[in-house]
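Visitor: Pasting in a structure now, in structure tokens, and then I'll have a few things to ask.
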Amino acid sequence: MSGSHAEELEQLLAQYRRQFAEVKETQRRLREISCTVTAPRRTVAVTVGHGGVVKNVEFPTGAYKRMAPADLAGVVLKAIADAQQQARGEAAEVMAPSLPPGVDALKLFSGDVDIQSLLKPEPELHEVTRDVMNIRD
């Protein structure tokens, strides 16, 4: 392999290592997402993590004892939904720099973006890779 090809492969390897480190850091930041929402009158406090997974439900006061079951259920569900929305917002902030230009991260995490529309039909291969794989157009 010629010197220039070896240099290009080294650059590709260095680029891969940088991207791999960035992905690991992004994953770490996503795992650390934790959003807590406390309902009015402190009837319930709900904590969710990345992906909207409910991690904790607390009743900080006795206010819930005076509520009808249907009202309490509604307050709990609203607190969960609000905490999940906050977690989506935080995840979108973490992921935004990694997304292609023009992709709204919050819409992506809310399910309002067709993910297939973001993918290229076929990946672009660097000329060195095409040479190594003996790919001709």
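Visitor: For the chain, calculate the relative contact order in percent as a whole number, restricting contacts to Cα pairs under 8 Å that are 6 or more residues apart.
Guide: Values: 135 pairs, mean separation 26.4, N = 137.
So the answer I get is 19 percent.
Visitor: By how many degrees, 0 to 90 and rounded to 10, does the Cα axis of helix 69-95 deviate from the longest principal axis of the chain?
Guide: 20 degrees
Visitor: Starting from the stretch 1-34, pick out the GluC sites (Glu not before Pro) whose DSSP state is loop and whose Cβ has at most 11 other Cβ atoms within 10 Å.
Guide: When the GluC sites (Glu not before Pro) of the stretch 1-34 are filtered for loop state and at most 11 Cβ neighbours within 10 Å, GLU32 remain.
Visitor: If N is the number of residues in the stretch 85-132, what value comes out of its Cα radius of gyration divided by 2.2 N^0.38 Å?
Guide: 1.53
Visitor: Show me, for the stretch 56-65, the HN-Hα J-couplings you get by feeding each phi into the Karplus relation (A = 6.51, B = -1.76, C = 1.60, θ = phi - 60°), rounded to Hz, glycine and proline as x.
Guide: Along the stretch 56-65, the couplings run 7, 10, 10, 10, x, 10, x, 4, 5, 5 Hz.
Visitor: Relative to the longest principal Cα axis of the chain, at what angle does helix 3-31 sit, 0 to 90 degrees, rounded to 10?
Guide: 0 degrees
Visitor: Taking only protein heavy atoms and a 1.4 Å probe, what accessible area per residue, in Å², does the chain have with all protein chains in place?
Guide: 73 Å²
Visitor: Still on this structure, please answer the following. Put a dot 7 Å past each Cα toward the Cβ at ARG41 and LYS24; how far apart are the dots in nm?
Guide: 5.0 nm
The values are calculated or read from the model by the stated rules, or taken from the named source; none is laboratory data. Source: prediction; values computed, not measured. Glycine also receives a Cβ, built like all others from the backbone with ideal geometry; neighbour counts cover every protein chain displayed. All accessible areas refer to the heavy atoms of the entire protein, side chains included, with ligands and DNA or RNA removed. Shrake-Rupley method; radii C 1.70, N 1.55, O 1.52, S 1.80 Å.
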